[in-house]
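A.B. asks: Please find one structure pasted underneath; my questions will follow.
FYI, it's all coordinate maths here, none of it is from the lab. What you see is a predicted model; the values in this text were computed from it and never measured. Virtual Cβ from ideal backbone geometry, glycine too; neighbours counted across all protein chains shown.
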Amino acid sequence: MRNKYIALVEGEKRGDLPDFQVGDTVDVHQRILEGQKERVQVYSGTVIARRGEGVREMFTVRRIVQGEGVERIFPMNSPKIAKIEVKRSGGVRRAKLFYLRDRVGKATRVKEKKQKLGETASVNGDGAPAAASSKKGAREKKAKTEAAAE
């Protein structure tokens with residue numbers, strides 16, 4: 001059985017953040033306090049690393065500003081993060097993308113992950129694409145009319 005204090009702290013994880021992986025291009029909306037005013041600033045870039053687990057989980061976002069690489073580490077469960085938007089899913093084969101630090105220009109691009117057949121949006125809700133479901137429905141209708149004709 002886990003320690004009751006660890007269980008208490010681990011129960012405070014945020015559930016409103018989307019699933020994202022290393023290699024994804026994200027927009028991190030961060031709350032910034034300036035005097036009495038609070039505003040939201042967007043930090044866009046590629047996730048190059050994730051580390052930690054539970055409430056201590058952090059992720060590193062890298063972007064290029066005026067030809068210079070800038071990295072920022074965000075705590076996943078920070079109340080200063082308003083939201084995270086996943087812009088693109090990157091197809092990478094490693095857990096840390098530190099090799100991007102040595103690359104310049106177009107070489108820093110990450111291939112986009114191809115969607116699997118089951119991940120496409122469907123109208124009927126059974127996981128099949130709308131076009132495939134309409135063909136399937138037409139086949140079933142034809143089979144029923146043939147069976148009724150016999």
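A.B. asks: Search the range 18-35 for residues being under 16 Å from the mean Cα position of the chain (by Cα) and assigned to a strand (DSSP E or B), and hand back the single one that is farthest from residue 86 (Cα to Cα).
C.D. replies: 29
A.B. asks: List every residue pair whose Cβ atoms lie under 7 Å apart, where the two residues are 6 or more positions apart in sequence or sit on different chains, the first residue falls within the range 89-102 and is touching a residue at least 24 places away in the same chain (Cβ under 8 Å), and the second residue, located anywhere, is surrounded by 13 or more Cβ atoms within 10 Å (Cβ to Cβ) and among the basic types (Lys, Arg).
C.D. replies: Sorted first by the residue in the range 89-102, then by its partner, the pairs are 89/113; 90/113; 91/113; 100/62.
A.B. asks: Among the residues of the range 36-78, write down those that are in contact (Cβ under 8 Å) with a residue 40 or more places away in the chain, under 20 Å from residue 95 (Cα atoms) and not in a strand (DSSP E or B).
C.D. replies: 54, 55, 76
A.B. asks: For residue 16, work out the one condition from (1) surrounded by 13 or more Cβ atoms within 10 Å (Cβ to Cβ); (2) over 30 Å from residue 105 (Cα atoms); (3) not aromatic (Phe, Trp, Tyr) it doesn't fulfil.
C.D. replies: Only one criterion is unmet by residue 16, namely (1).
A.B. asks: Okay, next question. Of the numbered conditions (1) surrounded by 16 or more Cβ atoms within 10 Å (Cβ to Cβ); (2) touching a residue at least 24 places away in the same chain (Cβ under 8 Å); (3) not in a loop (DSSP other than H, G, I, E, B), residue 85 satisfies every one except a single condition; which is it?
C.D. replies: (1)
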